[in-house]
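Undergrad: Input: one structure, supplied below.
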Amino acid sequence: MTDKLWHYVDAQQQKKGPVAASVIKEAYERGELGPGSLVWHAELPQWQILSAHAETLGINLSKVAGPMLNGREIKYANFFHRWAALMIDQWVLSMTALTVVTSIAIAVYFSAGISFEKDPDTIAIFMVSSMFAYMLLYISLSGSYHVYFETSSRRGSWGKQYLGLIVSTDQGEPLDKSTAALRWFSAALSHLSQNIGFLIAAFTEKRQALHDFLAHTLVLERDAASMPAPIDRNKRAIIVLVIGVLIMPLVLTAGMMIPMFHFIKQQEQAELARHQKMAALVVPVQQAISKRVAIDQNCLTHEDAEIKPLLQPLEPMTSEIYVGLSDDEEACEIYLVWDTYKSLSYRYTGKGDWTCEASHNPSHFGLNCQLSDY
């Protein structure tokens, strides 16, 4: 090995030296320099690449196993490491958007005096509006988040930082804002392709996903020398993927099902109360019809003066009320419709008995009605 004092250009394009040849050799073995890195000493007319003086510096170029970029040995990010990083980013973004939208929704709920019990249709509008707001906020946050971090000195989102990954151009340079924005927009195609655009990163030569090809970017493992402490990427990825693939779905499912069951229970209770109230209000109408049939064998209709007052309490609860002769002209009928598709039909044949048919499951609500097929 030569005793000359050398100068070299490091990965940040900073000139260093003079140093002994052993210093350059050690930097090369740490991955800080590559065969294309520039070196110089006083007897050379100009800067030259390291590979031309490898033997003099005591460097064995055959030991280089990885690909080179800008004279540095690099390592493309493992697909599972990228997947784990993406999962962390999705947690950060979704939880942030969910917290903001939920906070606003709660504030609107209490300030506007909304009551789901009094107006059940409101919950559908409320939930659709909240979901739409969540999606818009998630998209806005995602774009800002990825562009900001990928163009920062960290060169990667929180997920990539945790896995020790960076994003660079295909020339090894840091991303500018336009490239980062293009990469983020291109990721939409990976989503639209049923995530196949992400999956191809497991099989391409440089471990590039679809949006990497479109934006001309790479995801690389960060140099060990630039990290404050070594990390076990495999261990971190396994922990994240186990939580994301196995544990989180169970927690989220439980978190969604519990309030859903609570809502369904409330709806059932409200529906039961409506049925019970309607059944009670129908009784006077039935009595009036039975009395008229017993007198002259004629059915009363909803236009008759003695029926109209009895129907008034039912009108706010229904969308349609019919009282009169049935379609088959064999019975007197009381027909009630509400919620578009739910109906009850009470029939009186004149023999003293009333029958009931329902378009939905009546026994579920404690009604003694036969389930009709209409």
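The values are calculated or read from the model by the stated rules, or taken from the named source; none is laboratory data. What you see is a predicted model, and the numbers here were worked out from it, not measured in a lab. Cβ: placed from backbone, ideal geometry, glycine included. Neighbour counts: every protein chain shown. These area figures cover heavy atoms from the full protein model, side chains too; ligands, DNA and RNA do not enter into them. Shrake-Rupley method; radii C 1.70, N 1.55, O 1.52, S 1.80 Å.
Undergrad: Quick check on Lys342: is it of a type in the set (D, E, K, R) and either surrounded by 14 or more Cβ atoms within 10 Å (Cβ to Cβ) or touching a Ser or Thr at 6+ places or on another chain (Cβ under 6 Å) (or both)?
TA: Working: of a type in the set (D, E, K, R): yes; either surrounded by 14 or more Cβ atoms within 10 Å (Cβ to Cβ) or touching a Ser or Thr at 6+ places or on another chain (Cβ under 6 Å) (or both): yes.
In short, yes.
Undergrad: Enumerate the helices (runs of 4 or more DSSP H) found wholly within segment 230-339, keeping only those where 1 or more residues are closer than 30 Å to Arg30 by Cα.
TA: Details: elements: 233-242, 248-296, 308-311.
Per the criteria, 233-242.
Residue by residue, here is whether (1) touching a residue at least 60 places away in the same chain (Cβ under 8 Å); (2) touching a Leu at 6+ places or on another chain (Cβ under 7 Å) holds:
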| position | (1), (2) |
| --- | --- |
| Lys308 | no, no |
| Ile321 | no, yes |
| Leu325 | no, no |
| Glu330 | no, no |
| Ile334 | no, no |
| Tyr341 | no, no |
| Leu344 | yes, yes |
| Asp353 | no, no |
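Undergrad: Take the residues in segment 145-179 that are assigned to a helix (DSSP H, G or I) and over 29 Å from Lys235 (Cβ atoms), then tell me which one is most open to solvent (accessible area, probe 1.4 Å).
TA: Once the filter is applied, the top-ranked residue is Lys177.
Undergrad: Just checking, does segment 184-192 include any residue being hydroxyl-bearing (Ser, Thr, Tyr) and in contact (Cβ under 8 Å) with a residue 12 or more places away in the chain?
TA: yes
Undergrad: Further question: Among the listed residues Pro309, Pro316, Pro249, which satisfies the condition of being modelled with pLDDT under 80, of a type outside the set (Gly, Ala, Ser) and surrounded by fewer than 16 Cβ atoms within 10 Å (Cβ to Cβ)?
TA: Pro249 is the lone residue from the list that is modelled with pLDDT under 80, of a type outside the set (Gly, Ala, Ser) and surrounded by fewer than 16 Cβ atoms within 10 Å (Cβ to Cβ).
Undergrad: Next up: Determine which single condition Gly197 fails, assuming it passes every other condition in (1) more than 14 Å from Trp83 (Cα to Cα); (2) assigned to a helix (DSSP H, G or I); (3) within 21 Å of the chain's Cα centre (by Cα).
TA: The one condition Gly197 does not meet is (1).
Undergrad: Taking the stated definitions as given, is Arg30 basic (Lys, Arg) and at pLDDT 90 or above?
TA: Spelling it out, it is not the case that Arg30 is basic (Lys, Arg) and at pLDDT 90 or above.
Undergrad: Across segment 190-208, what is the total count of residues that are among the aliphatic types (A, V, I, L, M) and either loosely packed, with under 14 Cβ neighbours inside 10 Å or closer than 25 Å to Ala11 by Cβ (or both)?
TA: 4
Undergrad: Within the set of pairs 6+ apart or on separate chains, which have a first residue in segment 129-150 that is among the small types (Gly, Ala, Ser), a second that is in a helix (DSSP H, G or I) and surrounded by 15 or more Cβ atoms within 10 Å (Cβ to Cβ), and C-beta atoms under 6 Å apart?
TA: If the second residue must be in a helix (DSSP H, G or I) and surrounded by 15 or more Cβ atoms within 10 Å (Cβ to Cβ), the pairs left are Ser130/Val101; Ser130/Ala105; Ala133/Val101; Ser142/Leu93; Gly143/Trp184.
Undergrad: Next question. Read through the list (1) at pLDDT below 85; (2) open to solvent by less than 60 Å² (accessible area, probe 1.4 Å); (3) not basic (Lys, Arg), then give the number of the only condition that Ser111 fails.
TA: In the conditions (1) at pLDDT below 85; (2) open to solvent by less than 60 Å² (accessible area, probe 1.4 Å); (3) not basic (Lys, Arg), Ser111 misses (2) alone.
Undergrad: If Glu333 passes every condition in (1) of a type in the set (Asp, Glu); (2) out of contact with any strand residue (DSSP E or B) (no Cβ under 8 Å at 6 or more places or on another chain); (3) surrounded by 12 or more Cβ atoms within 10 Å (Cβ to Cβ) but one, which one does it miss?
TA: (2)
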